[in-house]
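Read the structure below first, then the notes.
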Ligand code: DX5
Ligand code: ZN
């Protein structure tokens, strides 16, 4: 399972340094949470931060994975593409035109993802499963880092993994992932775990990443 650190809980006065520490520990996806104060009750950052991280991502060969928690994301797809996002994920609840938004992302030369909130059924993404590179299942209600994992979402992740089957579609979980919850997500079939406060928290970043990897490895031990 791949780890995608979310910078939402990073120290923004030392952002480059903290991301570099994660990349030095082997991280190759950087998760960027964009919030508009309308789709979610919080405001974070926009294309400017994506643009300023692009050179750092290039230095490490890392992917800028942009999670747009904004209404009518079509309005900003070109801006995030121009800023250097590699993958742009929109929310299925945020636009009546999910298929069109995915097409727009692809036309901009980027990989496309679609996300669903904890209460949103899988049927919201079933019809676009062959059009996307990633499906994100929220394991908290989006808006803030550091919230508690919602375990009742796991059966949905499992059903999604069955539906995806052999297709080349990443299954991402996001919210409340830590050493206690990560293995259950991997067991349910998630292929990428977003980790915010579990990486940019009180522990040194390399230690935090090693702890998450150890939790995954331990879960794979027989008996
Ligand atoms: C929630 C964001 C998440 C979140 C992850 O709205 O999409 O990426 O910040 O942070 P933790 O891991 O602290 O829940
Ligand atoms: Zn996110």
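Do the conditions hold for residue 25, that is, is it modelled with pLDDT of 95 or more, surrounded by fewer than 14 Cβ atoms within 10 Å (Cβ to Cβ) and out of contact with any strand residue (DSSP E or B) (no Cβ under 6 Å at 6 or more places or on another chain)?
Values: modelled with pLDDT of 95 or more: yes; surrounded by fewer than 14 Cβ atoms within 10 Å (Cβ to Cβ): no; out of contact with any strand residue (DSSP E or B) (no Cβ under 6 Å at 6 or more places or on another chain): yes.
Taking the combined requirement at face value, the residue does not satisfy it.
List pairs: first in region 155-178 and within 23 Å of residue 195 (Cβ to Cβ), second near ligand 1 (Cβ under 10 Å from one of its atoms) and in a strand (DSSP E or B), Cβ under 6 Å, 6+ apart or cross-chain?
Here the result reads 172/136; 173/193; 174/136; 174/138; 174/194; 175/138; 177/193; 177/195, each pair linking region 155-178 to a residue that is near ligand 1 (Cβ under 10 Å from one of its atoms) and in a strand (DSSP E or B).
Filter region 161-187 for residues that are within 23 Å of residue 87 (Cα to Cα) and touching a helix residue (DSSP H, G or I) at 6+ places or on another chain (Cβ under 8 Å) and give the result.
161, 163, 171, 173, 177, 182, 185, 186
Any idea which residue in region 104-116 is surrounded by the most Cβ atoms within 10 Å (Cβ to Cβ), counting only those that are part of a helix (DSSP H, G or I) and touching a strand residue (DSSP E or B) at 6+ places or on another chain (Cβ under 7 Å)?
Filtering region 104-116 for residues part of a helix (DSSP H, G or I) gives 104-107.
Narrowing further to those that are touching a strand residue (DSSP E or B) at 6+ places or on another chain (Cβ under 7 Å): 105-106.
Details: 105: 30, 106: 15.
Checked region 104-116; the qualifying residue surrounded by the most Cβ atoms within 10 Å (Cβ to Cβ) is 105.
Can you name the condition, by its number, that residue 141 falls short on among (1) at pLDDT 95 or above; (2) away from ligand 1 (no atom under 11 Å from the Cβ); (3) more than 19 Å from residue 29 (Cβ to Cβ)?
Here residue 141 meets the rest and fails (2).
Test of understanding: among 182, 105, 116, which residue is in contact (Cβ under 8 Å) with a residue 60 or more places away in the chain and on the phi < 0 side of the Ramachandran plot?
Working: 105 fails: in contact (Cβ under 8 Å) with a residue 60 or more places away in the chain; 116 fails: in contact (Cβ under 8 Å) with a residue 60 or more places away in the chain.
The conditions single out 182.
The values are calculated or read from the model by the stated rules, or taken from the named source; none is laboratory data. Remember, it's a predicted structure, so these values are computed and weren't measured experimentally. Because the Cβ atoms are built from the backbone with ideal geometry, glycine has one as well, and the counts that use them run over all protein chains shown.
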